[in-house]
Amino acid sequence: MKNLTGAKIVIESLIQENVKVIFGYPGGAVLPIYDELFKQKKIRHILVRHEQAAVHAAEGYARSTGKVGVVLVTSGPGATNTVTGLTDAMMDSVPVVCLSGQVPTHMIGNDAFQEADIVGITRPCTKHNYLVKDVTKLAGAIHSAFFIAKNGRPGPVLVDIPKDIQTFKAIYKGKRLTKKISYYKPSLEPAVDDIDKMTKFLSDSKKPIFYIGGGVINSGSKASVELFKLMKKTGFPCTQTLMGLGAFPMSDKQFLGMLGMHGTYEANMAMYNCDLMICVGARFDDRITGKVSGFSPNSKKIHLDIDASSFNKSVNVDLTVKGDLFKILKLVNDKISKTNITFKNSKYTKWWNQIDKWRARNCLKYKQSKKLIKPQYALQRLNSLTKDLNPFITTEVGQHQMWAAQFIEFNKPKHWMTSGGLGTMGYGLPAALGVQIAHPKDLVIDVAGEASILMNIQEMSTIKQYRLPVKVFILNNNYMGMVRQWQELLHGNRLSESYMESLPDFVKLAESFGATGLRVEKPGDVDDAVKEMINIKGAVICDVVVDPNENCFPMIPSGSTHNQMLLGPNDKVEGEISEEGMVLV
C-alpha cells in the first residue's frame, strides 16, 4: 500500500491493467498525469495530432489485438474532440478507456477555462462514464472502466479526472485489493434449454444460412475456432457482415460473400429465401436488413448474442440465446457430437443448387478499361499481391470501403478494421497507425478515398514522428464517391457539393511528411506500384487515379428488400423517392 498522488495512481492503475500504449494529447488539465508519464518507462505514449484520431488509433490497436485501447486527453475541447471516436467505438463495440482531464472540482459548473461537461456529453455514446470527485475512488473508477470496457459487449468508457484530484493523495492498494465502483455483471453462460432448442432448429431446416457478425471476433479467437467447427459439422452456407469479415475464412466455399446494402447477390438472395437464419453476434443493422417488414420473410430466426438489448430490437426472432459466443458455439458443437446429430449433404442439395445459380450471376463482375483504372481492379491486384503477407487492412468510409469489403479476402479475424455503425470518414489513417503500433513488423494498409483521407490527414505527422511504415492506398475518383453515387441514382444526377476540385498533390503531400509518394494513372502500372509500395520500408501514400464514374454494385436502395437489388448501371430504382431517401415501391 502506497500513499500516492492521483496522477501517480492513474499511472500505477494503468500499469496493473497491463497497458503498454496510450494515445493522447496533453493540455493544462492533465499535466500532472503527463508529468508522471515522463517519470516511468513501462507505458509508451503516442502523441497524435488530434484527439479524435487518438480514439481511432486506440480502436485500431484494440481491434487488432483484442486488448483495451487507452486514450488520454485534456479538458474542454480536448475531451469534446473525442466524441466522434467514442461514438464510433460504441457503435462498433470496441473496448476503449478514455481518461480526460477536467477543471478543479471547486470550479466545475462555473464555466471555467476549458471546462466542458464531458460526462453529460458522452453519456449517450459511452458504455459508462465516471466523474471522479474523490481521490480515494480514482483507482476504483479506472479499474472498473477496464472491466466494463472489455466484458460483456465491449465498448468505450470515459473517466473524467479533475486537476486537483490528480494532485491530492490517497492510499493505492493495487488492482486486486481495489473495490470496483460498478455493479456491472454480464451474464456469459447460455441456458442449456436454449442450446437444445437451437440444435433442433438446425437439424430441422432445409434452407439454412449463418449470418455472422463482429461479435464473433469480439468474443476472441476461440469463438472463431468453434464457429469453424460448427460450419463444418453442418455444411451450411454463411454470410458475414461488414464488421464480421474474417470471423470465418472468406476463401471457404461455404462463404457466400458479404451481406447487406453492398453485399453479394447470392448472400442477399439466400438470406431472403432461407427457412432458417442463425444470427451469430450481429445486431440486424438497417444496412443489413433493408426494409424490415420484407427481411427474410419466410424463415425461422435464431439470434446468438451477449447483449440482450439487441434481441428483438428491430427484427423479431424465434429463439434468442444469450451468452458469450465462444461458450454458446462450444455447447452447440458438444451437443451435436454427443447426440450424434448428422447433417446429410443430400438434404441440402436443392438449396446449394439454388445458391450456385445465384452465384453464377457473378454479381461483382466489372469491365476493366484499357485506359482507366477500375477501383475493383486496383483492389483485386492489391489483394493478390499482398495476401501472402497477411496484411492488416483499415479503411476510410465510402465506395472504397465497400469495394475493399468485396474484393479483399480475409481468412483470419482481427485483420480488418473499418468504421461500420457510425460510418466515420477519417477513421482509417489513425486506425492504421494504432494497428502499426501494435504490430510493428506487419504490413498495415489504409484503403482510402481522396475525400476521407483529408479528414485526419494530420496524422501523417504522427506516422512521421514514430517512423511507422503505414501504407495509404488511395482510390482517387475526384468525388465523394458514395455521395455522388446516391445523387446519381436517387436524386436525378444533381451532384450537389460532391466534387472535390481542390485536391492536393498527394505525392508532394506525402513527401512533405517525410513519406514516399506514388501516383498511378494506367492499369498496366498498378502491379508495379503495389510492389513498390510494399517494398518501401517507410510510410507511403499511393495515389491511384480511378474511373470517376464507377458505381459500387450490387446495391440495395434504402427502403428495398434483399430481392430488389441493383446489380449494375443498367438497373434502375423502381418507385418514387421520398424526402428521407426511401424507395416508395
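Listed values, structure above:
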| item | result |
| --- | --- |
| Pairs with Cβ under 8 Å, 6+ apart, first in the stretch 344-365 and more than 17 Å from Phe255 (Cβ to Cβ), second open to solvent by 80 Å² or more (accessible area, probe 1.4 Å) and part of a loop (DSSP other than H, G, I, E, B) | Lys347/Lys206; Lys350/Lys206 |
| Tabulated pairs, the stretch 194-211, first in contact (Cβ under 8 Å) with a residue 60 or more places away in the chain and more than 14 Å from Ser299 (Cβ to Cβ), second aromatic (Phe, Trp, Tyr) and not in a helix (DSSP H, G or I), C-beta under 9 angstrom, 6+ apart or interchain | Ser203/Phe343 |
| Restricting the stretch 543-585 to residues that are aliphatic (A, V, I, L, M) and over 20 Å from Gln406 (Cα atoms), the residue that is modelled with the highest pLDDT | Val573 |
| Verdict on Met271 being crowded, with 24+ Cβ neighbours inside 10 Å, in contact (Cβ under 8 Å) with a residue 12 or more places away in the chain and either within 30 Å of Ile148 (Cβ to Cβ) or not assigned by TED's automatic domain parsing to the domain that holds Gly421 (or both) | yes |
| Single residue of the stretch 371-384 satisfying the filter (out of contact with any helix residue (DSSP H, G or I) (no Cβ under 7 Å at 6 or more places or on another chain) and not in a helix (DSSP H, G or I)) that is most open to solvent (accessible area, probe 1.4 Å) | Lys371 |
| Hits in the stretch 208-226 (condition: among the hydrophobic types (A, V, I, L, M, F, W, C) and in contact with a Gly (Cβ under 9 Å, 6 or more places away or on another chain)) | Ile212, Val216, Ile217, Ala223 |
| Sole residue being without any contact (Cβ under 8 Å) to a residue 24 or more places away in the chain and over 27 Å from Val470 (Cα atoms), chosen from Ser512, Ser502, Ser558, Ser498 | Ser498 |
| Selection within the stretch 21-63 - under 24 Å from Gly155 (Cα atoms), free of Cβ contacts under 8 Å to residues at least 60 places away in the same chain and of a type in the set (Asp, Glu) | Glu51 |
| Selected residue (only one of Lys327, Lys253, Lys233 is open to solvent by 40 Å² or more (accessible area, probe 1.4 Å), charged (D, E, K, R) and within 16 Å of Ile355 (Cβ to Cβ)) | Lys253 |
| Entirely in the stretch 387-472, the helices (runs of 4 or more DSSP H) that have 2 or more residues that are within 21 Å of Val21 (Cβ to Cβ), aliphatic (A, V, I, L, M) and without any contact (Cβ under 8 Å) to a residue 12 or more places away in the chain | none |
| Count of residues meeting criterion [open to solvent by less than 20 Å² (accessible area, probe 1.4 Å) and under 20 Å from Phe113 (Cβ atoms)] in the stretch 25-39 | 4 |
| Lone qualifier among Glu501, Glu488, Glu497 - being closer than 30 Å to Ala270 by Cα and modelled with pLDDT under 95 | Glu488 |
| Hits in the stretch 354-370 (condition: open to solvent by less than 70 Å² (accessible area, probe 1.4 Å) and either within 10 Å of Pro523 (Cα to Cα) or of a type in the set (A, V, I, L, M) (or both)) | Ile355, Leu364, Gln368, Ser369 |
| Any hit, the stretch 503-522, residues being touching a helix residue (DSSP H, G or I) at 6+ places or on another chain (Cβ under 9 Å) and of a type in the set (S, T, N, Q) | yes |
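The values are calculated or read from the model by the stated rules, or taken from the named source; none is laboratory data. Being a predicted model, the structure only gives us computed values, none of them experimental. No Cβ is skipped: glycine too gets one built from the backbone with ideal geometry, and neighbour counts run over all protein chains shown. Accessible surface areas use protein heavy atoms only, side chains included; no ligands, DNA or RNA. Shrake-Rupley method; radii C 1.70, N 1.55, O 1.52, S 1.80 Å.
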